[in-house]
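I have placed the structure first, in the form of structure tokens, so that the comments after it can refer back to it.
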Amino acid sequence: QAQLVESGGGLVQPGGSLRLSCAASRMTFSLYAMGWYRQAPGKQRELVAVITAGGKTNYPDSVEGRFTISRDNAKYTAYLQMNSLKPEDTAVYYCNAALNTLAVWGRGTQVTVSS
């Protein structure tokens, strides 16, 4: 069964940076669109970045210019580089892999932005 495992979360001060990783296994990684979502307490899960199988990226306005998604198909890994972090970026960040009607989710990694 396909699996995604996130890592790289933690506590960071406002203005700081973090790099999240999403390691995939038991799937043909290069065929999947990869996305990062986040969910803050009491809020709905929201998309923060997506990269297609072909490498096209898209971001919502809330993170545009601060977050960068990338992928390394040889390493079966997707990344989310987060810069200029704000307290409102605090959330559990989830990795998602999507191919047609297939969707795989990781268990999430906590990101806390606080001084």
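The values are calculated or read from the model by the stated rules, or taken from the named source; none is laboratory data. This one's a predicted model, so the numbers in the text were calculated from it and none came from an experiment. With ideal geometry, Cβ positions are generated from the backbone for all residues, glycine too; neighbour counts draw on all protein chains shown. Calculation scope for accessible area: heavy atoms of the full protein, side chains included, ligands and nucleic acids excluded. Shrake-Rupley method; radii C 1.70, N 1.55, O 1.52, S 1.80 Å.
Worth pointing out:
- Average accessible area per residue (Å²) across region 18-115 - probe 1.4 Å, nucleic acids and ligands excluded: 53
- Convex hull of alpha carbon positions in the chain: directionally averaged projected area 6.8 nm².
- Percent accessible area from carbon and sulfur atoms, the chain, protein chains only, probe 1.4 Å: 48
- Q39-K86 pseudo-label distance in nm [points 7 Å out on the Cα-to-Cβ vector]: 2.3
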